[in-house]
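Working notes for the structure below.
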Amino acid sequence: MRRLTLCTTFAVLTVTAGALAPIHSANAQQNAPATAETAAQSEPFKLPELGYSYDALAPIIDAKTMELHHSKHHQAFVTALNNAAKTDPSIANVPVEELLASVSGRPAAIRNNAGGHWNHTFFWQIMAPEGQRGEPSAELTSAINESFGSMDEFKKAFQAAGTSRFGSGWAWLIVGDDKKLAVVSTPNQDNPLMDVAETRGMPVLGNDVWEHAYYLTYNNRRADYLSAWWDAVNWTKVSENYAKAMEG
Ligand SMILES: [Fe+2]
């Protein structure tokens, strides 16, 4: 599997192409006819497939929420990035992670939309249908126990980060510079890969606490959504994320 490696101020990050190919796909139509090539160049950013159906996470996340979240909200970030690329074509030639690592020197539209695109692409991958969710690896479990005391205490800390985030944002489990796990939250579509992040690190797990992620089923009860969401987590993928973050 092709791997992309990038350097940031906190680490050298290596992420499998499976996670990044949908984000940085400017060369996908290299050998396609001219018309398709032109379209690919004008729309270098693509909405990734979920990898499962819109109803696959129900009743934890209902099908309508998943459909709107993916096909409308995530698509809006992709569309906005493609529009930004018409003004500044150079943004299509670097991985999204590099845009995030240098976002302080870029327009707010890049911060919001590159963040939104990366965050949601990551989010879809760390959830899975029933029967495909696996378990935390022994290494991840050990690290969680070391950093938080137990899995239950980690979940409490993560849910507290999500419920206490004022307005909209994300809760994250990250591997920091010190190779330790930490729970953080970011506002809006920021994430810990950004050079503007209060605490930087490599995301291992993240949950979207914007109302669009949960309102149809949970209404204003964000805490109930955060509590129920654990049953949708793809621990196999999260464990892979942890292993890669520790390699970097
Ligand atoms: Fe979202």
Query raised in the report: From the residues in region 123-132 that are open to solvent by less than 40 Å² (accessible area, probe 1.4 Å) and away from the ligand (no atom under 11 Å from the Cβ), which one is farthest from Asp190 (Cα to Cα)?
Result: Pro129
Report summary line: The helices (runs of 4 or more DSSP H) lying entirely within region 52-112 that contain at least 3 residues which are modelled with pLDDT of 95 or more, more than 14 Å from the ligand (Cβ to nearest atom) and under 17 Å from the mean Cα position of the chain (by Cα) are 96-101
Query raised in the report: So is Asn207 at pLDDT 95 or above, outside any loop (DSSP other than H, G, I, E, B), in contact with a Gly (Cβ under 7 Å, 6 or more places away or on another chain) and of a type outside the set (A, V, I, L, M, F, W, C) or not?
Result: yes
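Examine region 186-200 for a residue that is open to solvent by 40 Å² or more (accessible area, probe 1.4 Å) and not in a loop (DSSP other than H, G, I, E, B), and state whether such a residue exists. Lay out the reasoning, then the answer.
First pass over region 186-200, keeping only residues open to solvent by 40 Å² or more (accessible area, probe 1.4 Å): 187-188, 195-196, 198-200.
Checking which are not in a loop (DSSP other than H, G, I, E, B) leaves us with 187.
Yes, because at least one residue in region 186-200 is open to solvent by 40 Å² or more (accessible area, probe 1.4 Å) and not in a loop (DSSP other than H, G, I, E, B).
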Query raised in the report: Counting just the residues of region 189-227 that are basic (Lys, Arg) and touching a residue at least 24 places away in the same chain (Cβ under 8 Å), which one comes out farthest from the ligand (Cβ to nearest atom)?
Result: Arg200
Requested in this report: Could you tell me whether Thr163 is hydroxyl-bearing (Ser, Thr, Tyr) and either part of a loop (DSSP other than H, G, I, E, B) or over 17 Å from the mean Cα position of the chain (by Cα) (or both)?
Outcome: yes
Report task. Kindly list the number of the only condition in (1) touching a Phe, Trp or Tyr at 6+ places or on another chain (Cβ under 9 Å); (2) closer than 17 Å to Phe123 by Cα; (3) open to solvent by 20 Å² or more (accessible area, probe 1.4 Å) that fails for Asn234. Result -> (1)
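The values are calculated or read from the model by the stated rules, or taken from the named source; none is laboratory data. Predicted model, so just to flag it, every value in this text is computed and none were measured. Ideal geometry is used to build each Cβ from the backbone, glycine not excepted, and the neighbour counts take in all protein chains shown. The protein model used for the area step is the full one, side chains on, heavy atoms only, and it has no ligands, DNA or RNA in it. Shrake-Rupley method; radii C 1.70, N 1.55, O 1.52, S 1.80 Å.
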